[in-house]
Amino acid sequence: IVPQANKSIDTHADLVVAGAKVWSPETPDLYVFKCQIVRVVNKETQVLDEYAFDYGFRELTWKEGRLYVNGTQTPLKGLLWQEDQALKGSSLSYETLERDVAMMKTLGANLVRFLYPPHPYVLNLCDRYGLFVMEDVPLANVPATILGEDYYQDLAVTYAKEMVARDRHHACVLAWGVGSEFDASVPAMAEFVNTMRNTVQSVDRRSVYYATRTPDDPCLEYVDLVAIHTYGTDAKTLAENLKRWKASVGAKPLILARYGQEVEPGNKNGYSDPLSMEAQARYIMQVFTAAKDAKIGGSVLWSFNDWKTDRPSLAAHSGDAYLQALGIVSREREKRTSFDVVRSMFNGEKVQALPVGNYSSSTPVIYVVAGLIVLIALAFLYNGNRRFRDSVNRSMVRTYNFFADVRDQRILTYGHSLFLAAIVSVTWATLLSSILSHYRDNLILDNILSNLLSDGLKEDLIYLIWSPSKFILVFSGVVLAKILVVSILVRVFSMLVRTHVYFYHAFSITVWSTLPCIVFIPIAMILYRLMEADFYILPTFVLIAIVLIWVLIRLFKGISIIYDVFPFKVYAVGVFLILVTAGALYGYVDLTRSTSVYLKYMIHSMKNPA
């Protein structure tokens, strides 16, 4: 080679290795290749630079959806690994990395999936221990509006090039992932996947995959390997879905690339408890068997270890909103029941019977206690105080006359109004706690909260949702504060009319307009159990909407009476202010968090469930 200033020189050399030993998960034989740049002067050789890397010879082919390694059919038994550990976070030592890889190999796994390019040393370990690798570009759940931007696509393409260029010499790499779960309703996403595939294969010819939850995702047309994601789908339904998937993708290989179940750390109540270690182990066993019976390329368990996320999760059952407890080992690498089950399955051994337990779901007692307290208190004052009883009856039956008496400062006392405000506040807090507790495993609600709240507020809300007694205490105060804020606003806006309005009027009108909410007291006590049956969910929300509209109409009527203005003006201005306030709040969160973009993505995702 004759070097030239400011110019790059490409040179090629052919090398024949006679009788080379082939690399496979069972026999991970590697060769060390060295490349040296030397200078020869007067027959003396001086090494200027040297580059060395491990390399394995192997032949990978797909036939009828099954992987053949060097001509031998190889079912893929995989784990998803997260670069995280309790004491060191993502800054793992070489010893910890090798311990994890060795542990996965001991389980009988022959595949590990990375949702982002791992530390290069991990890939060296996978080469040496014999673990195939599925390596992803970290593009997941990106809305089409964002993914369609040219600058974003340029970043993604550059990232993919650098990932493949860095890791293409590793024998362990089975396939490259170019993203997962894009908005399937937007055709441009398929064009992006095609661009990414062409980019990857211009650097390396190995298979390219894309992960999705729906079989009619147009992105699948442009990849070599189809990866399926599933979230909590029961094994029977999954087995049926896999048949549908196989028929949909045709001759393309199919891998169940992510399945798993969260566990409540320390829960050993038997598999009748859906959050127990035994339930996790049983679910893994059922899904692994379903994937095996479907005769697809293989499956990847989500995941080998627990890890911490950068944003709080509503669905976390670990007691820590940032901890994802889906691993067969904890962040501290403590083995769970599922660890031994996975080892038996991967090695074709008989799995020991799992204990059933005697778990049964129950309503948190605080709902019943809170409901009984407000119900007894309301009944006691209603029956024991004639003045309060008359106020309740007249407010419900003769609303106009009641609010007219309030305007004239008759009938009511602050004590009765404060008592009713407390009753309504506790009732609403109990009702909201029941609803949010029911949906605390809902990923859609989790995503909505992420797009509306800061991480700090969301973390606090998650803590309260998982602690119903504290939720009721805190949100009772929140509802009461909102009643006071509305009362103050009613008093402030009274300055725009001729009638002189005192705070007494504003507060009384606001509180007593919420009287219909007392119908929720008995409902809030049992709502948590009622919502376990889908039949009651829609009627519950319809009833809540009706009562809220009723309360709003009563409030506007009361305001028109104490303002002594035409009711239509109050209704028009009131609705206008509500819409403007809601629009301003939504505009702010949309500007700061691109909420509309993510909500659109979530709506499209709901139309294409797993």
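The values are calculated or read from the model by the stated rules, or taken from the named source; none is laboratory data. Just so it is clear, the model here is predicted, and its values are computed rather than measured. When we count neighbours, we look across all protein chains shown, and the Cβ atoms used for this are built from the backbone with ideal geometry, even at glycine. These area figures cover heavy atoms from the full protein model, side chains too; ligands, DNA and RNA do not enter into them. Shrake-Rupley method; radii C 1.70, N 1.55, O 1.52, S 1.80 Å.
When you scan the stretch 60-81, do you find a residue that is among the acidic types (Asp, Glu) and either more than 31 Å from the chain's Cα centre (by Cα) or modelled with pLDDT of 95 or more (or both), even just one?
yes
Would you confirm, using the coordinates I've provided, whether SER338 is outside any loop (DSSP other than H, G, I, E, B), touching a residue at least 24 places away in the same chain (Cβ under 8 Å), open to solvent by less than 20 Å² (accessible area, probe 1.4 Å) and not hydrophobic (A, V, I, L, M, F, W, C)?
Details: outside any loop (DSSP other than H, G, I, E, B): yes; touching a residue at least 24 places away in the same chain (Cβ under 8 Å): yes; open to solvent by less than 20 Å² (accessible area, probe 1.4 Å): yes; not hydrophobic (A, V, I, L, M, F, W, C): yes.
Here the answer is yes, as SER338 does meet what is asked.
Do we have any residue at all in the stretch 529-541 that's touching a Ser or Thr at 6+ places or on another chain (Cβ under 9 Å), open to solvent by 70 Å² or more (accessible area, probe 1.4 Å) and of a type outside the set (A, V, I, L, M, F, W, C)?
yes
List the pairs whose first member sits in the stretch 272-287 and is of a type in the set (S, T, N, Q), whose second member is part of a helix (DSSP H, G or I) and crowded, with 22+ Cβ neighbours inside 10 Å, and whose Cβ atoms are under 6 Å apart, counting only residues at least 6 apart or on separate chains?
Going by the 6 Å Cβ cut-off, the qualifying pairs are GLN280/SER338.
Can you give me the number of residues within the stretch 50-59 that are buried (at least 17 other Cβ atoms within 10 Å of the Cβ), of a type outside the set (Asp, Glu) and not in a loop (DSSP other than H, G, I, E, B)?
0
Does the stretch 227-235 contain at least one residue that is farther than 30 Å from ARG282 by Cβ and either in a helix (DSSP H, G or I) or open to solvent by 10 Å² or more (accessible area, probe 1.4 Å) (or both)?
Within the stretch 227-235, none of the residues are farther than 30 Å from ARG282 by Cβ and either in a helix (DSSP H, G or I) or open to solvent by 10 Å² or more (accessible area, probe 1.4 Å) (or both).
For the stretch 290-342, which positions are within 20 Å of ILE228 (Cβ to Cβ) and charged (D, E, K, R)?
LYS292, ASP293, LYS295 - these are the residues of the stretch 290-342 that are within 20 Å of ILE228 (Cβ to Cβ) and charged (D, E, K, R).
For the stretch 279-289, does any single residue satisfy the condition of being β-branched (Val, Ile, Thr), surrounded by fewer than 24 Cβ atoms within 10 Å (Cβ to Cβ) and outside any helix (DSSP H, G or I)?
For the stretch 279-289, residues β-branched (Val, Ile, Thr), surrounded by fewer than 24 Cβ atoms within 10 Å (Cβ to Cβ) and outside any helix (DSSP H, G or I): absent.
Filter the stretch 214-223 down to residues that are out of contact with any Lys or Arg (no Cβ under 7 Å at 6 or more places or on another chain) and open to solvent by 10 Å² or more (accessible area, probe 1.4 Å), then give me how many there are. Steps first, answer last, please.
Within the stretch 214-223, the subset out of contact with any Lys or Arg (no Cβ under 7 Å at 6 or more places or on another chain) is 214, 216-221.
The next check asks that each one be open to solvent by 10 Å² or more (accessible area, probe 1.4 Å); those that pass are 214, 216, 218, 220-221.
Looking only at that region, the number is 5.
For the list (1) in contact with a Pro (Cβ under 8 Å, 6 or more places away or on another chain); (2) at negative phi; (3) crowded, with 21+ Cβ neighbours inside 10 Å, I need the number of the one condition that GLY298 fails.
(2)
When you go through (1) buried (at least 22 other Cβ atoms within 10 Å of the Cβ); (2) small (Gly, Ala, Ser); (3) farther than 22 Å from ILE523 by Cβ; (4) free of Cβ contacts under 8 Å to residues at least 60 places away in the same chain one by one for GLY384, which number turns out not to apply?
It fails just one condition, (1).
Criterion first (in a loop (DSSP other than H, G, I, E, B) and out of contact with any Pro (no Cβ under 8 Å at 6 or more places or on another chain)) does LYS246 satisfy it?
Numbers: in a loop (DSSP other than H, G, I, E, B): no; out of contact with any Pro (no Cβ under 8 Å at 6 or more places or on another chain): yes.
The answer is no for LYS246.
Considering only the stretch 361-377, state which residues are in contact (Cβ under 8 Å) with a residue 40 or more places away in the chain and either open to solvent by 80 Å² or more (accessible area, probe 1.4 Å) or closer than 18 Å to ILE472 by Cα (or both).
THR363, PRO364, ILE366, TYR367, VAL368, ALA370, GLY371, LEU372, ILE373, VAL374, LEU375, ALA377
Filter the stretch 153-175 for residues that are more than 27 Å from the chain's Cα centre (by Cα) and of a type in the set (Gly, Ala, Ser) and give the result.
ALA165, ALA171
Quick check on this structure: which one of VAL47, VAL2 is more than 25 Å from VAL173 (Cα to Cα) and part of a strand (DSSP E or B)?
Going through VAL47, VAL2 in turn, just one is more than 25 Å from VAL173 (Cα to Cα) and part of a strand (DSSP E or B): VAL47.
Go through the stretch 178-213 and give me each residue that's assigned to a helix (DSSP H, G or I) and open to solvent by 10 Å² or more (accessible area, probe 1.4 Å).
PRO187, ALA188, GLU191, ASN194, THR195, ARG197, ASN198, THR199, GLN201 - these are the residues of the stretch 178-213 that are assigned to a helix (DSSP H, G or I) and open to solvent by 10 Å² or more (accessible area, probe 1.4 Å).
Out of all the residues in the stretch 312-328, is one or more hydroxyl-bearing (Ser, Thr, Tyr) and open to solvent by 40 Å² or more (accessible area, probe 1.4 Å)? Let's see the steps before the verdict.
So the first thing to find is which residues in the stretch 312-328 are hydroxyl-bearing (Ser, Thr, Tyr), and the list is 313, 318, 322.
So of that shortlist, the ones also open to solvent by 40 Å² or more (accessible area, probe 1.4 Å) come out as 322.
Yes, because at least one residue in the stretch 312-328 is hydroxyl-bearing (Ser, Thr, Tyr) and open to solvent by 40 Å² or more (accessible area, probe 1.4 Å).
State all residues of the stretch 175-226 that are in contact with a Gly (Cβ under 7 Å, 6 or more places away or on another chain) and either over 18 Å from LEU115 (Cβ atoms) or among the small types (Gly, Ala, Ser) (or both); if no residue qualifies, say none.
ALA188, ALA211
Just to check your reading of the model, which residue among TYR414, TYR439 is in contact with a Leu (Cβ under 6 Å, 6 or more places away or on another chain) and at pLDDT below 90? Quick ask: steps written out before the conclusion?
Numbers: TYR414 fails: in contact with a Leu (Cβ under 6 Å, 6 or more places away or on another chain).
Exactly one of TYR414, TYR439 is in contact with a Leu (Cβ under 6 Å, 6 or more places away or on another chain) and at pLDDT below 90, namely TYR439.
Check the stretch 11-27 and report whether any residue there is open to solvent by less than 60 Å² (accessible area, probe 1.4 Å), in a strand (DSSP E or B) and in contact with a helix residue (DSSP H, G or I) (Cβ under 9 Å, 6 or more places away or on another chain).
Yes; the residues of the stretch 11-27 include at least one that is open to solvent by less than 60 Å² (accessible area, probe 1.4 Å), in a strand (DSSP E or B) and in contact with a helix residue (DSSP H, G or I) (Cβ under 9 Å, 6 or more places away or on another chain).
Do we find a residue being in a helix (DSSP H, G or I), open to solvent by 40 Å² or more (accessible area, probe 1.4 Å) and either within 17 Å of SER560 (Cβ to Cβ) or out of contact with any strand residue (DSSP E or B) (no Cβ under 7 Å at 6 or more places or on another chain) (or both) anywhere in the stretch 504-515?
Checked against the condition, which is being in a helix (DSSP H, G or I), open to solvent by 40 Å² or more (accessible area, probe 1.4 Å) and either within 17 Å of SER560 (Cβ to Cβ) or out of contact with any strand residue (DSSP E or B) (no Cβ under 7 Å at 6 or more places or on another chain) (or both), the stretch 504-515 yields no hits at all.
Pairs please, first residue from the stretch 424-451 and over 24 Å from VAL368 (Cβ atoms), second anywhere and surrounded by fewer than 20 Cβ atoms within 10 Å (Cβ to Cβ) and of a type in the set (Gly, Ala, Ser), Cβ atoms under 6 Å, 6+ apart in sequence or on different chains.
ASP446/ALA315
Given the residues LEU599, LEU585, which is the only one that is farther than 22 Å from ALA506 by Cβ and surrounded by fewer than 16 Cβ atoms within 10 Å (Cβ to Cβ)?
So the residue among LEU599, LEU585 that is farther than 22 Å from ALA506 by Cβ and surrounded by fewer than 16 Cβ atoms within 10 Å (Cβ to Cβ) is LEU585.
Every residue in the stretch 55-114 that is under 22 Å from PRO138 (Cα atoms) and among the small types (Gly, Ala, Ser), please.
Once the filter is applied, which keeps residues that are under 22 Å from PRO138 (Cα atoms) and among the small types (Gly, Ala, Ser), the stretch 55-114 yields GLY78, GLY89, SER90, SER91.
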